[in-house]
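Report on the following structure.
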Amino acid sequence: MRVLSGIQPTGRVHLGNYLGAIRGWVEDQYVNESFFTLVDLHAITVEQEPRELFSATLELFATLIGAGLDPNICTIFAQSQVNEHAALAWLLECTATFGELARMTQFKDKGHGSQNVRAGLFTYPVLMAADILLYKAERVPVGEDQKQHLELTRDIAIRFNRLYGQVFTVPTPAIPKVAARVMDLQNPSKKMSKSSSTTLGLIYISDGADEIKRKISKAVTDTDNKVAYDPIGKPGISNLLEIFAAISGRAPDSIAEDYASYGALKSDLTQLIVATLEPISKRTKDLLDDRGELGRIMAAGSGKAREIAADTLDSAKAAMGFVTATSTFK
Ligand code: TYM
């Protein structure tokens with residue numbers, strides 16, 4: 001099966017990104033033909049300081065490899081190095097409607113109805129559709145928050161194929177059973193997000209043992225001190241149990257049965273998170289010692305991706321009636 005997924009190089013990678021997406025990618029690479037892209041073109045839908053974007057992209061690339069993606073097994077590449085993404089996005093923008101994009105909840109949340117938001121923030125889900133459709137991906141592993149964008153991608157593919165002929169594969173989202181929506185540790189009604197105003201609510205992959213301990217011990221719970229899995233009634237504790245479940249492979253309610261106090265649960269969870277993240281951040285740090293080599297690996301991945309992307313773009317253009325380099329003339 002062909003798999004594609006992506007992640008933005010904005011802010012630092014957090015536990016939600018890892019449990020909701022990256023961890024599953026590492027498994028995917030061994031069983032599926034997998035493509036993972038650093039979506040740097042998506043990052044500029046909001047203001048980016050160029051130097052920060054540059055280092056965030058290299059750091060993210062190192063983190064993905066540190067987390068277990070192997071550039072010899074899967075294809076990891078930078079979206080901006082494969083021009084076909086922007087080119088296909090334009091073709092697809094001319095098939096998508098204003099109404100469809102205006103319904104995207106992420107735009108409504110991030111744009112806050114302001115007239116000054118960048119136009120790219122509005123059309124962003126179409127670029128995401130292009131990312132997926134260029135590779136004819138069948139499976140797209142993402143966290144819960146990307147579900148609506150995947151539905152739009154499917155609608156765009158189905159419509160294009162109906163209007164212009166069969167070019168695209170209609171993708172299916174693969175959302176993990178646990179930790180599909182890791183919540184903010186300080187505000188468990190909100191997802192853990194790079195754009196959160198407080199860093200206490202997020203665990204970064206690069207956090208050390210002390211930082212993880214501090215954040216888990218300060219995680220918001222409730223006052224009845226009874227460990228139970230009840231996402232509506234006990235959102236804080238349930239979030240901790242979900243994280244525990246995702247890492248240990250056990251069910252959240254069976255974990256709850258083992259604990260008589262919040263303190264004991266928090267202490268064991270801290271150990272589990274540290275044991276999971278420590279080796280990743282160590283490998284990431286080592287990889288970042290040679291940024292030139294990282295840049296070369298990234299360019300090689302982008303070269304591999306481009307071969308497939310160019311082919312699909314050509315088919316889409318030909319289907320729409322463009323005269324392309326490979327058109328046949330009578
Ligand atoms: P991004 O960069 O916000 O997040 C990357 C991945 O992490 C998942 N995720 C979470 N999962 C569980 N709990 C959380 N709190 C949490 N926060 C983030 C996201 O669902 C995502 O899978 N638009 C996408 C990037 C993208 C993409 C694509 C994804 C661009 N093109 C093509 C798949 C296919 C985004 O902004 O993800």
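Things worth noting here:
- Once the range 138-157 is narrowed to residues that are touching a residue at least 60 places away in the same chain (Cβ under 8 Å), open to solvent by less than 30 Å² (accessible area, probe 1.4 Å) and not β-branched (Val, Ile, Thr), the residue that is farthest from the ligand (Cβ to nearest atom) is PRO141.
- The one condition in (1) within 10 Å of the ligand (Cβ to nearest atom); (2) under 30 Å from LYS266 (Cβ atoms); (3) in contact with a helix residue (DSSP H, G or I) (Cβ under 7 Å, 6 or more places away or on another chain); (4) open to solvent by less than 20 Å² (accessible area, probe 1.4 Å) that LYS215 fails to fulfil: (1)
- Leading residue by the ranking (surrounded by the most Cβ atoms within 10 Å (Cβ to Cβ)) among those in the range 158-168 that are in contact (Cβ under 8 Å) with a residue 40 or more places away in the chain and more than 15 Å from the ligand (Cβ to nearest atom): PHE160
- Restricting ALA300, ALA305 to residues that are in contact (Cβ under 8 Å) with a residue 40 or more places away in the chain, among the small types (Gly, Ala, Ser) and open to solvent by 20 Å² or more (accessible area, probe 1.4 Å) narrows the list to ALA300.
- For the range 229-252, the count of residues that are of a type in the set (S, T, N, Q), touching a residue at least 12 places away in the same chain (Cβ under 8 Å) and outside any helix (DSSP H, G or I) is zero.
- Taking the criterion of being of a type in the set (S, T, N, Q), under 22 Å from ALA130 (Cα atoms) and in a helix (DSSP H, G or I), the only residue of the range 35-57 that qualifies is THR57.
- The lone exception for SER5 - which of (1) more than 9 Å from the ligand (Cβ to nearest atom); (2) within 20 Å of MET128 (Cα to Cα); (3) among the hydroxyl-bearing types (Ser, Thr, Tyr) it fails: (1)
- Test: residue in the range 177-197 that is part of a helix (DSSP H, G or I), charged (D, E, K, R), modelled with pLDDT under 95 and within 14 Å of the ligand (Cβ to nearest atom): no
- In the set (1) away from the ligand (no atom under 14 Å from the Cβ); (2) over 25 Å from ILE156 (Cα atoms); (3) not small (Gly, Ala, Ser), the condition left unmet by LEU60 is number (1).
The values are calculated or read from the model by the stated rules, or taken from the named source; none is laboratory data. None of these values were measured; they are calculated from a predicted model. Counting neighbours? That spans all protein chains shown, and the Cβs are built from the backbone with ideal geometry, glycine included. Surface areas here come from the heavy atoms of the whole protein model, side chains and all, with no ligands, DNA or RNA. Shrake-Rupley method; radii C 1.70, N 1.55, O 1.52, S 1.80 Å.
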